[in-house]
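Read the structure below first, then the notes.
The values are calculated or read from the model by the stated rules, or taken from the named source; none is laboratory data. All values derive from a computational prediction rather than experimental measurement. Heads up, the Cβs are rebuilt from the backbone with ideal geometry, glycines too, and the neighbour counts pull from every protein chain shown.
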Amino acid sequence: MSITKQFQTVARRFILIVVSLSVLSVGLLSFVLYETNSIRFGGDVSSSELQEVIRDDEAVVEYLESEKDFEAHFVTIASLIKQDLQQSLGEALLLTTVLVILIVTAISYLVANYLLKPVRESYESQERFLQDAAHELRNPLAAMSLAIENANKSDTDKDFLKTMRRQTKRLIRINEDLLYLERRTPGNRISEVNISELLEDVLEDLQASITDKKLNLVVKIQKNVQLKIDPKDFIKMSQNIVENAIKYSKSGKKLTVHLSQDKQIVLLVKDQGIGIPEKDVEHIGERFYRAKNVGKVDGTGLGIAIVKKVLNVYGGDLSISSKTNHGTSVKITL
């Protein structure tokens, strides 16, 4: 998920919480006022209540005394008046509460947006930095790589040049991975593609690394597995998974790559390498995070983050199981 999308999610939740708390506060206040003032719908006026109401008006008291036989009639009239008054007050309170809630909601929304403004600017600044840094690094890194390759043809300090070449390649890989992670939208060439052939191409490209490690590659790829995806996204995802398996495998061990399709498409890559410590497994996929036992093995810490980005775009699941010194199994379900 990009920084912008992360901020939008946080912002929506923050605004929802602020507005909800404001509405709840208004509702509770209205309820307290309702209870405190004893506003009720219904309820009759008793004879004693009627006497209490009119006791300060001597003319009314004198009149009711002279018409004592009609007291019950007066009580009924007073009850009806009370009910009408109570209903009017109740409706007025309800209308007022609704208006206040609408006003408070609007004010809360504006205040929440105002409070989030510096946070939004910070998120946008961070995203611009990542994009600008990746773009600005591309050209000088390419120039450095070319200069090193040219210098390597001579006999001048080849060990130094070898180190420089390795570090330059690493910087270029980080740059490419950051650009990919910060891409705002998925690939624009989404189509129905044969990922069986794409996976075979990936394995062919990595064959030199597999040979160098003397790995026993066990491949089982179901033919003609079709998936609606940008080919570059599938290649990037599968390449990262297989590369990790090669890098962290022990020399001479088995490397398994399976691709199958039933109700779902499943890509399984399993190695017999150094494995991942249990406490590190849950963090795999966080940007630049690497397990504590990787030692000097080259890597950017962005590979699984890229895999998760692809799966998030196309709706897939990632499952990683691992045991230290016994290997790692990565399962992709699409």
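Computed quantities for the displayed model
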{"read-out": "Qualifying residue in segment 285-295 (condition: under 30 Å from residue 261 (Cβ atoms) and without any contact (Cβ under 8 Å) to a residue 60 or more places away in the chain)", "value": "yes"}
{"read-out": "Selected residue (only one of 328, 300, 324 is hydroxyl-bearing (Ser, Thr, Tyr), within 27 Å of residue 168 (Cα to Cα), touching a residue at least 40 places away in the same chain (Cβ under 8 Å) and in contact with an Asp or Glu (Cβ under 9 Å, 6 or more places away or on another chain))", "value": "300"}
{"read-out": "Only one of 296, 323 that is touching a Gly at 6+ places or on another chain (Cβ under 8 Å) and in the same structural domain as residue 236 (by TED's automatic domain parsing)", "value": "323"}
{"read-out": "Residue in segment 260-274 that is surrounded by fewer than 15 Cβ atoms within 10 Å (Cβ to Cβ), without any contact (Cβ under 8 Å) to a residue 24 or more places away in the chain and either in the same structural domain as residue 177 (by TED's automatic domain parsing) or over 23 Å from the mean Cα position of the chain (by Cα) (or both) present", "value": "yes"}
{"read-out": "Qualifying position, being surrounded by 14 or more Cβ atoms within 10 Å (Cβ to Cβ), of a type in the set (Lys, Arg) and under 20 Å from residue 306 (Cβ atoms), among 228, 247", "value": "247"}
{"read-out": "All positions within segment 188-197 that are in a helix (DSSP H, G or I) and either out of contact with any Leu (no Cβ under 9 Å at 6 or more places or on another chain) or among the acidic types (Asp, Glu) (or both)", "value": "197"}
{"read-out": "Within segment 310-328, tally of residues that are buried (at least 16 other Cβ atoms within 10 Å of the Cβ), assigned to a strand (DSSP E or B) and not hydrophobic (A, V, I, L, M, F, W, C)", "value": "3"}
